[in-house]
Amino acid sequence: MSSASATFPDVVLIGGGVMSATFAALLKELSPELSITMFETLEQCGQESSKAWNNAGTGHAGNCELNYTPRRPDGSVDISKALAVNTEFDISRQLWSHWVRSGRIADANSFIHACPHVSLVWGKEDVAFLKARYDAMASHHCFDGMEYSEDPDVIADWAPLAMEGRDPSVPVAATRIRSGTDVDFGALTCSLFSSLEKENGFHSFYRHRVTDLVKTTDGRWRVTAVNTQTGVKRSVLTRFVFVGAGGAALPLLQKSGIPEARRYAGFPVSGLWLQCTDPAITQRHHAKVYGKAPVGSPPMSVPHLDTRVIDRKSCLLFGPYAGFSTKFLKTGSRMDYFRSLNGGNIIPAVTAAKDNLSLVNYLVREVTQSDHKRFRSLLNFYPLANENQWTKIVAGQRVQIIKPDNGLHGVLRFGTELVRSSDQSLAAVLGASPGASIAASVALQVVEKCFPQNVTANGWLPRLKEIFPAYGVDLKTTPELCRNLRQETARILQIEN
Ligand SMILES: Cc1cc2nc3c(=O)[nH]c(=O)nc-3n(C[C@H](O)[C@H](O)[C@H](O)COP(=O)(O)OP(=O)(O)OC[C@H]3O[C@@H](n4cnc5c(N)ncnc54)[C@H](O)[C@@H]3O)c2cc1C
C-alpha cells in the first residue's frame, strides 16, 4: 500500500454500504488514478441497512409501491413520484449492466433476480383506487406490460398464497409487472468493494469508526478514525468526503459543522420481518406483493409479502413491521437520537414530532404488540399461513429526515436526500426509501454536482456516456430509447424485460 495515497487520498468514504461502494466504483471508472480511502466501523462491508436481511430487496421502480402514487383531491392518481423512481432505477440498471459487461461484477445472478411486482388490495374503496392508478400508469411507456385484474382466479395465478382461503365476498384487485426485480444489495456492496480493493489507490480500513471531521485552513478535510479494537487513531487529509454512513450520516454531518446540516434532524424507525424458509411454501410464491399502508400508518410501514433470493436460496419475508427505537444504526446506541438534537434542530424536531403524534403512537403500538398479533397481519396477505412456519427477524434501522420548511417548523420527509456543502467538498446521503435502488443516481448526482470541473467534453463526459447509454436523456419522454435500453439491460442482468 502506498502510505502517501492512504494518508492524503483524493476522496474519503465514511461507511462501507451500498452508497459508498457505488460512488467509489463509479469514480474509479471515471478516473482510475484517483486515490480513495474508506473507513468502516464494522469488520466487513454491507452489514448495516445494505445487508440483504436488513432491507426488503425491492428494486424500487415505482411498479407496486402504492405510497408513490397518492390520490389527488379530485380523485385522480398522481404518478409523478412513481415515474421519477422508475427512471432512477434505469440509471442503476445501466450502471450494473456496465459493471457486468466490464467484469467488475462477475455474475449478475449474484445480486439481482427477476421477481414480478404485484400490488394487491381488497375492499371496494381500495379496488377503485387501484383501478384509477392502473388507468393512470398503464398507458405510460415506463410501465409497459402492467396488468390489472379483479378476477380472483387470475390473481391466484399471480400470487397463489395470497388468494387461498380469502373471503370470496370481499372484492379484490391486483396489478402485476413481470419485469420487477429482487436485489441483494449486500452482495452487490461486497462484490463492488472486493473489486475496488484490488485496484491501485483504494484503501479500506475496517473496524475503524470515524470520530472527527474538521475543515483545515487550506480547505481540506481532516478525517480521524479510531481502530475499534486497538483504540489507535488514524487521520487522513482529503479534498473530498463522501458520508455514506446510513443512519449515522446525520451525526457525521453535524460534526462537519457545515451550515447546510444545521437544521436537519432525524426520526429513527426500527423494523421487524417475519421470515419463512420452508421450501414447500417458498416454492409457491414468486412475487413481491405490496399492499396499502393501514390507515394512520406511515408510508414506510406498507406491508409486503416478498420473495427474496439470498445466497442463491429463496425465502419469503413479510413486513416490515415498523417500530420506534432511538438508535440510528442497528448496531448503534440508544443515545443516538438524543445526541443528534441541538440548538439548530430541536425546534424542527419537536414540531415534526408534534405534527406526527399519531405516527409516534403508531410506532410505539407496533413495537409493543405481541408476536401473535403481528402474525395476524400476515393473514391479510396469506390467509392460510401457519404461525409455526414463520420466524421473527430484526430488520435494518431507518432514519427519516426532518427538515424545516421555510421557517423553523420541521417536516418529516420519507425520501432519500443528498446534502452537500456549499463548496462541494462534502456530500452526505440521508433518509431511506427508495434508498439502495437509487444508489447509482445518487452517485451520479455527486459526480455532477461536486466534480463539475471534470464533467466536460475533454474530461469525464465521454466515459459517462459510455457507462450510461441514456446519459442526460429523460426516459420519461423518450419511449423508444427507454424500451431499447430496458431490453438491453434486462438481457445483460438476466431479468425479465
Ligand atoms: C427495513 C428496511 C427496508 C428497506 N427496503 C429497501 C428496499 O426494498 N429497496 C431499497 O432500494 N432500499 C431499501 N431500504 C433502504 C436501503 O437499505 C438503504 O437506503 C441503503 O442500504 C443505505 O445504504 P448506505 O450505504 O447509505 O447505508 P448502510 O448500508 O447502512 O451503510 C452505512 C455504513 O456506514 C458505517 N458507519 C456508520 N457510521 C460510521 C462511522 N462513524 N465511521 C465508519 N463507518 C461508519 C456503518 O457501519 C455501515 O456499514 C430499506 C431499509 C430498511 C431499513
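Just so you know, all these numbers are worked out from the coordinates, no wet-lab data involved. These numbers come from a predicted model, not from an experiment. Cβ placement follows ideal geometry from the backbone for every residue including glycine, while neighbour counts extend to all protein chains displayed.
Are any residues in the range 17-66 within 9 Å of the ligand (Cβ to nearest atom), of a type in the set (Gly, Ala, Ser) and in contact with a Ser or Thr (Cβ under 7 Å, 6 or more places away or on another chain), and if so, which ones?
Hits for the range 17-66 are Gly17, Ala21, Gly46, Ser50, Gly59.
Out of the residues in the range 45-67 meeting the condition of being surrounded by fewer than 24 Cβ atoms within 10 Å (Cβ to Cβ) and part of a helix (DSSP H, G or I), tell me which one is nearest to the chain's Cα centre (by Cα).
Per the stated criteria, the residue is Ala52.
Restricting attention to the range 119-134, does a residue exist that is among the acidic types (Asp, Glu), part of a helix (DSSP H, G or I) and buried (at least 17 other Cβ atoms within 10 Å of the Cβ)?
Yes, some residue in the range 119-134 is among the acidic types (Asp, Glu), part of a helix (DSSP H, G or I) and buried (at least 17 other Cβ atoms within 10 Å of the Cβ).
Restricting attention to the range 151-169, report how many residues are in contact with a helix residue (DSSP H, G or I) (Cβ under 9 Å, 6 or more places away or on another chain), touching a residue at least 24 places away in the same chain (Cβ under 8 Å) and assigned to a loop (DSSP other than H, G, I, E, B).
2
Does any residue of the range 1-22 turn out to be touching a Lys or Arg at 6+ places or on another chain (Cβ under 8 Å) and closer than 29 Å to Thr307 by Cβ?
no
Cβ-Cβ below 7 Å, separation at least six or inter-chain, first residue in the range 49-61 and on the phi > 0 side of the Ramachandran plot, second near the ligand (Cβ under 6 Å from one of its atoms) and not in a loop (DSSP other than H, G, I, E, B): which pairs?
Gly57/Phe185
Out of all the residues in the range 27-44, which are within 24 Å of Ile91 (Cβ to Cβ) and surrounded by fewer than 24 Cβ atoms within 10 Å (Cβ to Cβ)?
Residues satisfying the conditions are Lys28, Glu29, Leu30, Ser31, Pro32, Leu34.
Gly319 fails exactly one of the following numbered conditions: (1) surrounded by fewer than 18 Cβ atoms within 10 Å (Cβ to Cβ); (2) within 16 Å of the ligand (Cβ to nearest atom); (3) touching a residue at least 60 places away in the same chain (Cβ under 8 Å). What is the number of that condition?
Result: Gly319 fails condition (1) only.
Say we look at the range 280-294 and pick out the residues that are among the hydrophobic types (A, V, I, L, M, F, W, C) and not in a strand (DSSP E or B); which of these is farthest from Gly123 (Cα to Cα)?
Looking at residues that are among the hydrophobic types (A, V, I, L, M, F, W, C) and not in a strand (DSSP E or B), I get Ala280.
Test Ser97 against the criterion of being surrounded by fewer than 17 Cβ atoms within 10 Å (Cβ to Cβ), away from the ligand (no atom under 16 Å from the Cβ), over 14 Å from the mean Cα position of the chain (by Cα) and of a type in the set (S, T, N, Q), and give yes or no.
no
For Asp218, are the conditions met, namely being surrounded by fewer than 19 Cβ atoms within 10 Å (Cβ to Cβ) and free of Cβ contacts under 8 Å to residues at least 24 places away in the same chain?
yes
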